[in-house]
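The values are calculated or read from the model by the stated rules, or taken from the named source; none is laboratory data. All of these numbers come straight from a predicted model, not from anything done at the bench. All Cβ positions, even for glycine, are placed from backbone atoms using ideal geometry, and neighbour counts span all protein chains on display.
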Amino acid sequence: MNIHIPRGTEDLLPEQTKTWQIIEDTLKQLSERYHYHEIRTPMFERTELFQRGVGDTTDIVQKEMYTFTDRGGRSLTLRPEGTASVARSYVQNKMHGNPEQPTKLYYLGPMFRYERPQQGRTRQFTQFGIEAIGSADPAIDAEVIAFAMDCYQDLGLKSLKLVLNSLGDHESREAHRQALVDHFKPHEDELCSDCQMRLEQNPLRLLDCKVDQDHPSMQNAPSILDYLNDYSQQYFNDVKKHLDAMGIDYVVDDALVRGLDYYTHTAFEIMSEADGFGSITTLSGGGRYNGLIQDIGGPEISGIGFALSIERLIMALEAEGINLDSEDELDCYVITMGDEAKFAGSKLVYQLRKAGFIVDQDYLDKKMKTQFKAADRYQASYAIVIGESEVEQGVANIKRLEDGEQKTIAIDEVKAQIEQGL
Ligand code: HAM
């Protein structure tokens, strides 16, 4: 029986990985420009971290985690997201003691969620994310949002929509929570069993329910924006003012609650508006988390961040017809005929690669004509031919494939000649 790849995962083949590398390089360069530094945390953590960090009542924790018991009897979970791990590392490594604050970090790597696979939703996906921890200045909220938009704009994407909301501080959320309970309680029996539980445990999650989204009570549910206290209102206004100053367009949507429990104040998502993008239009999301560090045992320090998945970014590139992949082009293709020539060829290929050129040769004993065809197919700038007689004379024939110009020179001179051009 053939063994297939697990459901919800994918192989990235060489014709795809080039695009991935270009995207990853772009995101790393952007991180440098915004002065964020890379952090790498383990692929699995203690299960408790996500229960406390992401939140016990979220779908991620209740339904989607890959949790297992290791041979030592510990409950571990493959990370479903990066923020909780970064927060854990921040506390454990006492980064709040570093002189430079806020601490600005980025990460890139696979995340795991047991979700129903569909286009744009896989069980292993790759997130690029940033976290700025140690500042509660609305200017850094705007920085994180600007960074998120640049991730797409730097790659040429245009059909983007930035959606913004505020979830307020603890006091505002409590007032909103009570309003939600009062509003939904009379409809409790008409709601799905998950929502009945959410009503008790975390009524905000009701607004995110996919089953009950068309229930009439959803349409006039209390808006968080009506429950923001003065500080939260001012904070939200200042974030918007920074975005206005930067010329970044957004729409405010009070139904944007995000699927993780740690958010306070700013919450945002970037959506693709490209035709043919598919039904899941969210490209990335993020927000402020002022209680998270404390919830996992650290000091009272606030943070903000966002994460995108490269899979959905690539879907957006495809929907907008943007092809990042460059051609597979060689500097030189070395063509040899005969056993002795092969030894000379191996030596030359090695020397040219050491000198920094992109070089390849034939390993299947193909005829000379077929080897020339390979040189054309790889769009080599030069074909370098070494046959038996060339070996005897210690020379090689260099042919510039663009115009057919050629020269026979001492084999030891080839590197210098290629460096100069013919
Ligand atoms: P999230 O909204 O759960 O937030 O995920 C962020 C992004 O990860 C999504 O917008 C989407 O691009 C991608 N994503 C999530 N699940 C999948 C999936 N199954 N398949 C493909 N892509 C997926 C977080 O993870 C937060 N940690 C973001 C954050 C960072 N907030 C503050 N800092």
Are any of the residues in region 1-22 touching a Gly at 6+ places or on another chain (Cβ under 9 Å), in a loop (DSSP other than H, G, I, E, B) and basic (Lys, Arg)? no
Please give the number of the condition residue 172 fails out of (1) in a helix (DSSP H, G or I); (2) hydroxyl-bearing (Ser, Thr, Tyr); (3) within 16 Å of the ligand (Cβ to nearest atom). (3)
Take the conditions surrounded by fewer than 20 Cβ atoms within 10 Å (Cβ to Cβ), more than 26 Å from residue 235 (Cβ to Cβ) and within 8 Å of the ligand (Cβ to nearest atom) and apply them to residue 327. Does it pass? no
Please specify each residue of region 106-139 satisfying the condition of being hydrophobic (A, V, I, L, M, F, W, C), within 11 Å of the ligand (Cβ to nearest atom) and farther than 20 Å from residue 313 by Cβ. 132, 133
Matching residues in region 195-241 (under 16 Å from residue 263 (Cβ atoms), assigned to a helix (DSSP H, G or I) and among the aliphatic types (A, V, I, L, M)) number 6
Test residue 87 against the criterion of being in contact with a Gly (Cβ under 7 Å, 6 or more places away or on another chain), assigned to a helix (DSSP H, G or I) and either within 12 Å of the ligand (Cβ to nearest atom) or more than 16 Å from residue 288 (Cα to Cα) (or both), and give yes or no. yes
Name the single residue, out of those in region 128-155 being of a type in the set (Gly, Ala, Ser), buried (at least 19 other Cβ atoms within 10 Å of the Cβ) and in contact with a Gly (Cβ under 9 Å, 6 or more places away or on another chain), that is farthest from residue 24 (Cα to Cα). 134
Can you report the number of residues in region 179-202 which are within 14 Å of residue 221 (Cβ to Cβ), surrounded by 13 or more Cβ atoms within 10 Å (Cβ to Cβ) and either at pLDDT 95 or above or not charged (D, E, K, R) (or both)? 9
Which of the residues belonging to region 50-83 are in contact with a strand residue (DSSP E or B) (Cβ under 8 Å, 6 or more places away or on another chain) and either assigned to a helix (DSSP H, G or I) or among the hydrophobic types (A, V, I, L, M, F, W, C) (or both)? 50, 65, 68, 76, 78, 83
Just for region 59-84: of the residues that are away from the ligand (no atom under 16 Å from the Cβ) and not charged (D, E, K, R), which one is surrounded by the most Cβ atoms within 10 Å (Cβ to Cβ)? 76
Considering only strands (runs of 3 or more DSSP E) fully contained in region 282-350, which possess at least 2 residues that are among the β-branched types (Val, Ile, Thr)? 332-336
